[in-house]
1. Could you work out the local net charge near Ile87, counting Lys and Arg as +1, Asp and Glu as -1, over the other residues with Cβ closer than 11 Å to its Cβ?
2. How much length is gained on full extension from Trp30 to Trp270, taking 0.36 nm per residue of separation minus their Cα-Cα distance?
3. Once you sort the root eigenvalues of the Cα gyration tensor of region 194-336 as a ≥ b ≥ c, which label holds: rounded (a/c under 1.5), prolate (a/b larger than b/c) or oblate (the other case)?
4. Give me the 1.4 Å probe accessible area per residue for region 181-314, excluding ligands and nucleic acids, in Å².
Amino acid sequence: MKDKPTGSPGRVRFVLGAAAFLLLSGAAFWAIAAFVGDGMPRFDPRLVAPRSVALITLFLLVYFLADGLRLYFVLRALNAPVTLGQIMPPVFVNLFFSNITPLATGGGFAQIWYLQRCGVGVGLSAAATTIRTILAMLVIFVSAPLFLVLAPEVDIAGSSGALANTIAGVIAVYMAGFLVLLLRPAWMVAVCEWGLKVLQRMHILGQERHAAWAEALRREARSFSEGFGRFLSGASQLSVAAVLATLTFLLALFAMPALLMALLGLEPDWLTVIGTLSVVTFLMYFAPTPGGAGFSELAFAGLMAGQVGEGQLLLVIFAWRLLTIYLGMAIGAVVSLQILRPGRICT
């Protein structure tokens, strides 16, 4: 894989993505403030008390470390020659790129590019980042509908039952596609190659590019299937560790709002907050905006309005996004400039 171009068109796209993220997030906060009548979030000194800072820091350390460990253990299960020190930087690179690209598509590509510099093949790194994502999706795709079924008092879009049925249908489609790719990669390749042929007939894709893309598609699909097979048949302790790291990462992410509510003197139902965040995160997978900006804040507000005291909803939402997203993005922007510049060698 060649280095990505670093010319002005790429920088412009990144700037536009970041601007869209900020504008959509700001618009969502304004809409929530107008709807609940709380005004913009007001600073509460209880969030910066020594005990609060210690607990928030502990949660963030677990959150970021578990995020890195879930990819590290997957790569080690695939026999990739990486160290934990090499894996932590792309954690923040992923946070940055995922939140400035539609459907969070950029983070995985940026990590693959970085891992290629660390000596991990494109197919192997693509399999690792995909497996890492699938593990998280499996947890979310199971917990979200379970929460809606077990907590019928939570109502979204008029009917939690209707939403649960929709989620179940989407899960079935995703799992079917995943199983086809895993067990019958040739079928998935055949469908994609048919699409490439259609593009060629429409003169959108040239013959040489069509041949190159088709060959790359067959190679990467085969590599992914073999990689996932190695993950399942490899060292069981590494696979289990990857699953446990994924669970820890998601638990820290979903529990953060409950921690903030507790620090503000509320008495949150931790299980309800964690379940609610699993639904919000599930819905974010389908938000077309960069990093789910705007959508995530509105979805959180709609679900949590009855659980947060008046005047504190916007503060909890802002602090939640600040700690779990904005902070990681800021670190990711700095890290990306350092490790993704042309000629930089992975150490």
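1. +2
2. Here the segment from Trp30 to Trp270 would lengthen by 83.7 nm.
3. Note, shape of region 194-336 comes out prolate.
4. In whole numbers, region 181-314 has 50 Å² accessible per residue.
The values are calculated or read from the model by the stated rules, or taken from the named source; none is laboratory data. Bear in mind that the values here come from a model prediction, so they are computed numbers and not experimental data. Note: ideal-geometry Cβ built from the backbone for every residue, glycine included; neighbour counts use all protein chains shown. Side chains included, ligands, DNA and RNA excluded: accessible areas come from the protein's heavy atoms. Shrake-Rupley method; radii C 1.70, N 1.55, O 1.52, S 1.80 Å.
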